[in-house]
Each structure stands twice: as structure tokens, then as C-alpha cells.
Amino acid sequence: MKSRSWPITCLLLITTLFVACSPQRPPTTGGADAQAPSRTQERGKTLSAAVRVEPAFIAGKPLLQAGLTLGSTVRLFNAGFTLVDDRGLNRPYLAEALPELNTDSWKVLPDGRMETTYRLRPNLTWHDGKPLTSDDIAFAWRVYTNPDFGTASTAPQGLIDEVATPDAQTAIIHWKRPYPRAGALALGDMPPLPRHVLENALQNNASDAFVAQPFWTSEYVGLGPYKVEHWEPGAYIDASAFAGHALGRPKIERIKLIFTNDANTALANLLSGNVQLLADDAVYFQQAVIIRQNWAGNQGGSVLVMPGLWRYTQMQIHPERVSPNARGLMDVNVRKAIASAVDKQAINDGIYEGEGINSDSVIPPTVDYYAQVDRATNKYPYDPRRSEQLMNDAGYTKASDGFFVGSEGRFSPELKVIQNAQNESEQAIMASVWRRAGFDIQEAVLPSAQAQDSQVRALFVAMFTTGGPLGENSLPNLGTAGTPRPENRWNGTNRGSWSNAEYDRLVDQFNTTLDRSERIRQIAEMVRIFSDELPALAINFNPGITAHVSALRGPQVTSPDSSPTWNVHEWELR
């Protein structure tokens, strides 16, 4: 059995283990300055890519959550003021330059309010050729603060008092209070929306009809490096290079995204040459091992393994949503008992051949302040005896069949996952270990066709193992404000409806504190509270797999804050 301690070197190992099946040429620094011979050579090329699901939206900031990995897909069609590069650094994208704190571009006023000034690059257009102007930025703020869409109070738009447009190229954002990310708004924060396309629809349609507009999918008009040419429902999206892209026309002329909801089919298509790229959870770790083995002797391509998602098991503690035979989940001792009976190493060995990264919180071990967070984190090592003692403290004892029973009968929680082979294998391991510890686990699978239904996701009845973004920016979404409800159109990742006043206070501070050392202290304290009350059990950092043939140059390992397709406009297909 491998050690249960996972230092930073283990994470570095997994990010490099499968890289270098073929040599990688560093990407160029700007699409607009790419060499003409290479660009000419690429014209007429089509990159075929397999992705796991047909997206319910492709907007950078949708009005409905998907709850699935769509980062690479969404990146193709969108741009923000900022582009986050492979190292997690912010680069100007739609903006000529990024606001700098304590300059004329980022002012902190004496009463605590702020102003940030974004000036657009000249001559930018939307995919339909219409000019991008500062009015599109102000319009986006109006949309995202519309109370009918359930996003009005969330950051960043909920912290903005006004977006002024002194001229067509300049937007001055007036902030109600400090916001540390005000100078680096990326495509998922508050990207522009095409006023000329959406304004009439916003004025003349009910909120449901506005959200259902084909604009968000098959008729999308964005600012990213590729634009939608044809969307075949249930099959694929054909996209073409956008000549007006802020960083220059992409070198690869066309991309075809093929919806492939079976990892083994995606694997076969890559190895047979039918596709050249696998992204957005098209395959998992097991397929990555097979691809490496097949390509090892012929330099067939590269497999990039990155910390993709934080894998965790949410607990339903909403009294009207939790099932009667799982109401014990509302007792923190029961949640701690369940946590103490999770064998993370068994999951690691069974799913990732021992090369995974076990997790105690949403914060990955690659961040420079990890030691401070790790010291604050409450941990629950695998200990069935401790688990039984905690269940006894909560009023449960083992019946003659070895399962826990209490005053309301047998404790029999459902464990649900989204349909796919890796999730279901993980579920089987977890359920088996928990049953041996005395928990009568009932296994359930959410069909993949329902995985992007936010309401269905929120109404689970006991436990739901899922994946979500990792890192500090996920912490605010785990508090009360992140609870899905009908009023916010079921948006939010706090699907277990956990609420803690001190945690919410820290979230508010974290969202408005500019001092970095104080923000790190707040992160550590939020993690301490979350890991003590356990509304969700941290499991691991699920490796995200991006595989591509050697003829494709450009994809590279990135920081968790970025996307493997961040530099897609610079890729080359030979």
C-alpha cells in the first residue's frame, strides 16, 4: 500500500508522467504575429476533437449552470478582458491593458468604493462582424444583474454600482466596495454580450424564453477564436477560424467538436485517427494509460494529465430534500463517521493506479500557501473504529446484520453519481468500503442526459459524488449564497443547502479584501470551518486528460486556473 501522505512532488509527477510521448514545440506569443508561411500551410486543415457531452450552452458566463466539464469547448467561442495563460497569469485579451491598483486605471476611493477602467483594443468585432463597444459591456452587466436570472447578487456583477461608457472603447466600472479580481475580469466573470443581438429579446421575452434563445447555443455570437458554423444536434459542432479574433486569426482553419459520451469510443477514435484531440472529459485516467502504451513506441502523440476537478461527495442536509432513511446526514457526527469510513487510498489504487492526488479540501497542494491551509484543515483518516464510535455518539448502533440503525430505522443513504464508467467504478469502491463499515449504501446513477439539469442535480436525496472547480475561487460558491433554489434558477454548487453564518461572513470578507496575506488567512479559516462541519467530503483531485496526436502542436500542461485550450489560436496541425 502506498503512503497516504501526498506532498507537492506527487502532483508534479502526475502532471509530467504522461507528457512527452512526442516533442512539444513552444507556442508562439501572439496569433496576430504568427509567421505567414505557417499560417498559409494550415489553411484548409480541420481539427477533429472528441468531447464528452453536447453542451447546454457555449457562453462564457451562462445563465444556467451545466455542472460538467466544458472549459475547452467554451473557450473556443469566447473571450474576456483577460486571458489566463498556462502559468495562471493574467494577460490582456479584449483590453489593451489591465487595470493596475493605485493608478488612474484602478482607484480605491476614500469611502471604500472603487473604479476600474477597461479600454478595448481597437477595431474588435463580434463573430457576425458588428463592432464590439463599451455599450456591450454595460449591457452584459444589465443582463447579469437582472433579478429574473438568479445571478444579480453574485460577484462580480453584484458588487458593481454602474458601468459608465464615456466613449465606444472605454468602460469605467464603478464598484460598490473593494473586489480583488476587479483588474482581471476573465471570460467567466462578466464578459461582454452582443447588445445588437440580445437587447430586443431581453425587452420582449419572459426570462425563461430569454434563457432558451438559440443565441446561447446554435446561433451563438461571441468573441473567441472560433465561431459556430453548424450545430448538428446530438452529433457535433462545426466551427471556423474567426478572422477578427483579438489575438489574431487562428492558424487551424476549422474545428469539429464531436459529442462522444463513451470514453472507450473516444479512445478508439483517437487511436484510429478519426479524431486528433480528446478534451473535456472525453476520456479518463484508464484510457490515458492505454493511449500512452499505444504511442510509446511510435511517438504517436502526447497525453497531458492535469489536476482537472475537485472530486467530493456532497451531503444533503436540507430537511425537505433529504430522504427519510438518510436524515442522519443532518447530524455532523454522522457526516464525520461517514468521512472516517472513506478509504481514499482504495479509490486511488482502484481508479488511478495509485498515482492520484488525495484531497482534504478544495485547495490543491500546488498553491504557495498550501502549508497554512493544510494546518487548518480537519482531516478524517480511514478508521472504521472511529467511524463506529461517532455513529454510536449520534444514536446509531449496529443491528445483527452489521448495518447501523437508529430511532428512525436503518440508516440507508443513497449514493449517486453521474453516468460514466469511471464514476460508477469509484461509486462501487466507496459503497463497498462503507458497507463493510456498517453503512447500508444504495447506489444510484444519474443518466448523462440529465447531468446538465441544474434542478435535478440539486434535488439529490442523500449523497452525491461529483466534481467541481478546485482552488480558492470555489470557496464562496460553497456557502449559503451558492445554494440552488427556484429563485436563482437552481444555480449554485452548494447543493446540500449547507449554511454557516461565520463561513458566510468570511466569504464576504474574502470577496472584498485586497490584501493578499489577509485573503490567505481567510481561505484557511473557511477551509477549517468547512472541513469541521463537513457538508461535503473531499475525495481527490480528479486528473483531467487532454490527449492529442503528434501532428497537433500547441496543447500543453496548464495551471488549474487555465484551460488546455487557452492558446488554441496558436495551435498548428501538420
Within the stretch 521-565, considering residues that are out of contact with any helix residue (DSSP H, G or I) (no Cβ under 6 Å at 6 or more places or on another chain) and of a type in the set (A, V, I, L, M), the one surrounded by the fewest Cβ atoms within 10 Å (Cβ to Cβ)
551
If you take the residues of the stretch 316-335 that are touching a Ser or Thr at 6+ places or on another chain (Cβ under 8 Å) and farther than 15 Å from residue 494 by Cα, which of them is surrounded by the fewest Cβ atoms within 10 Å (Cβ to Cβ)?
325
Here is a check on your reading of the model: is residue 94 under 19 Å from residue 182 (Cβ atoms), assigned by TED's automatic domain parsing to the domain that holds residue 175 and either touching a Cys at 6+ places or on another chain (Cβ under 9 Å) or surrounded by 23 or more Cβ atoms within 10 Å (Cβ to Cβ) (or both)?
yes
Restricting the stretch 405-440 to residues that are in contact (Cβ under 8 Å) with a residue 24 or more places away in the chain and aliphatic (A, V, I, L, M), the one farthest from residue 328 (Cα to Cα) turns out to be 421
Residue 367 vs. criteria within 17 Å of residue 498 (Cβ to Cβ), in contact (Cβ under 8 Å) with a residue 24 or more places away in the chain and in the same structural domain as residue 429 (by TED's automatic domain parsing)
no
Could you list, in sequence order, the residues of the stretch 447-469 that are farther than 21 Å from residue 325 by Cβ and in a loop (DSSP other than H, G, I, E, B)?
447, 451, 452, 453, 469
Test set (1) in a loop (DSSP other than H, G, I, E, B); (2) outside the structural domain of residue 363 (by TED's automatic domain parsing) - residue 322 fails condition number:
(2)
Among the residues of the stretch 242-261, which ones are in contact (Cβ under 8 Å) with a residue 40 or more places away in the chain and either within 20 Å of residue 55 (Cα to Cα) or of a type in the set (A, V, I, L, M, F, W, C) (or both)?
242, 246, 247, 252, 254, 255, 256, 257, 258, 259, 260, 261
For residue 331, state whether it is touching a strand residue (DSSP E or B) at 6+ places or on another chain (Cβ under 6 Å) and assigned by TED's automatic domain parsing to the domain that holds residue 473.
no
Residue in the stretch 98-116 that is touching a helix residue (DSSP H, G or I) at 6+ places or on another chain (Cβ under 9 Å) and either among the hydroxyl-bearing types (Ser, Thr, Tyr) or surrounded by fewer than 16 Cβ atoms within 10 Å (Cβ to Cβ) (or both) present
yes
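The values are calculated or read from the model by the stated rules, or taken from the named source; none is laboratory data. Values in this document were obtained by computation on a predicted structure and should not be read as measured data. In this analysis, Cβ positions are derived from the backbone assuming ideal geometry, glycine residues included, and neighbour counts consider all displayed protein chains.
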